[in-house]
Amino acid sequence: MSTQSLNDKVEEVRAKDVIAPESLSNKEIHNRKLRRYMSLFVMMLQYSILILTMRQSRMRPPSEQYYASTAVFLNEIIKIVFCLIISFYDIGIKETKNKVFCHDNWKLAIPAILYVIQNNLQYYAATNLDATVFQVTYQLKILTTAFFSVIMLHRNLSRNQWLMLLLLTIGVTMVQLPDTFWASLWSDNEGATPTEPDAAADRTRLLGLAAVFVSCLLSGLAGVYFELVLKKTQSVSLWVRNVQLAFYSIFPALFLGVFVKDGKKIAENGFFYGYTALTWIVIFQQAFGGVLVAIVVKYADNILKNFATSLSIILSAIISFAVWRTNVSFGFAVGASLVIISTYLFGVFEKRN
């Protein structure tokens with residue numbers, strides 16, 4: 001093959017990978033936008049319902065609760081089966097087999113491993129930090145996702161968009177802070193006795209902060225890397241990529257979760273201990289949510305996914321206020337306003353950009 005023909009081939013591949021907006025018809029542009037916003041809207045609704053049902057499924061005495069590790073494992077199994085069925089229908093059994101075990105399937109092992117490490121660090125951080133500090137610091141994942149999107153995907157974010165991301169982070173933090181935090185701000189603590197510094201407690205807190213910071217970095221890196229794989233390998237379908245990701249996620253979920261974390265309890269009480277109909281609803285919702293995240297990442301991006309997730313937190317809180325008559329705190333009202341404003345203005349600045 002001549003050098004010229006080789007260059008032509010490279011340009012052809014590049015053209016397939018990145019389609020210039022001006023080369024698309026108005027109908028194609030409209031369809032892309034429709035898929036983008038529909039996937040974000042469905043994800044927002046799905047995540048809101050998941051938050052509420054998961055909360056209900058865990059509102060039992062600790063000794064009667066199901067083991068979360070078994071739910072995570074079943075979630076991955078259901079996801080694989082569902083995506084395989086869709087892929088069989090889409091491209092056939094033989095082609096699915098060839099694609100799932102193709103030469104580049106190892107690429108999905110990277111985000112799978114990163115997610116496992118991130119989840120374990122998140123658990124460690126939540127154990128060693130109080131709820132308020134954890135909720136505040138964990139929202140850094142919004143900014144780390146944007147950072148990796150700029151570095152790896154060459155996203156062009158304006159100064160105003162960065163400001164909206166910062167406002168979103170502050171808003172989500174305020175929404176998720178417990179009511180006791182806001183009550184303590186207004187209480188009179190002058191009579192409180194100052195506690196002596198504890199070196200061991202300080203060290204534990206420092207390790208917890210380090211864990212949550214690394215967890216936020218890995219969350220952003222894994223999400224953006226998965227987006228990169230989806231958008232740069234158009235020849236492999238979304239369903240096949242989901243099968244590959246779930247396949248590599250099964251092993252750590254089984255060994256680290258089921259065997260190591262809860263193995264002793266499961267051996268004593270059984271794999272399905274504490275399961276109810278609501279537990280199965282949560283598991284199927286999580287599996288559907290995992291597939292939905294991939295669809296959102298493909299047709300939108302991780303940054304918009306964070307906005308949709310943030311709005312879903314507010315929506316689920318509003319529903320819980322209506323159903324359980326919980327109080328609306330000052331922090332929630334201000335935080336929800338910041339989330340809504342930042343979401344709207346981010347879209348405005350994106351169009352200008």
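The values are calculated or read from the model by the stated rules, or taken from the named source; none is laboratory data. Keep in mind the model is a prediction, meaning the values are calculated, not measured. All Cβ positions, even for glycine, are placed from backbone atoms using ideal geometry, and neighbour counts span all protein chains on display.
Miscellaneous remarks
- Residue tally, condition without any contact (Cβ under 8 Å) to a residue 40 or more places away in the chain and aromatic (F, W, Y), over segment 300-323: 1
- Among (1) touching a Lys or Arg at 6+ places or on another chain (Cβ under 8 Å); (2) under 27 Å from A222 (Cα atoms); (3) aromatic (F, W, Y) - the single one Y273 does not satisfy: (2)
- Selected residue [touching a Lys or Arg at 6+ places or on another chain (Cβ under 8 Å), under 15 Å from L108 (Cβ atoms), in contact (Cβ under 8 Å) with a residue 12 or more places away in the chain and outside any helix (DSSP H, G or I)] from V236, V229: V236
- Considering segment 283-324, the residues that are β-branched (V, I, T) and more than 30 Å from S337 (Cβ to Cβ) include one that is surrounded by the most Cβ atoms within 10 Å (Cβ to Cβ), namely I283.
- When residues of segment 50-75 are limited to those that are among the charged types (D, E, K, R) and either in a helix (DSSP H, G or I) or touching a strand residue (DSSP E or B) at 6+ places or on another chain (Cβ under 7 Å) (or both), the one surrounded by the fewest Cβ atoms within 10 Å (Cβ to Cβ): E64
- Looking across segment 220-230, the residues that are over 12 Å from the mean Cα position of the chain (by Cα) and farther than 15 Å from V150 by Cβ come down to V229, L230.
- Residue tally, condition farther than 30 Å from V240 by Cβ and part of a helix (DSSP H, G or I), over segment 275-309: 2
- Spans of helices (runs of 4 or more DSSP H) in segment 83-176 with at least 2 residues surrounded by fewer than 18 Cβ atoms within 10 Å (Cβ to Cβ) and under 22 Å from the mean Cα position of the chain (by Cα): 109-128, 131-138, 140-153, 159-176
- Scanning segment 266-274 for residues that are outside the structural domain of I142 (by TED's automatic domain parsing), assigned to a helix (DSSP H, G or I), surrounded by 15 or more Cβ atoms within 10 Å (Cβ to Cβ) and modelled with pLDDT of 90 or more turns up at least one hit.
- Options V323, V328; residue that is over 21 Å from the mean Cα position of the chain (by Cα), part of a helix (DSSP H, G or I) and hydrophobic (A, V, I, L, M, F, W, C): V323
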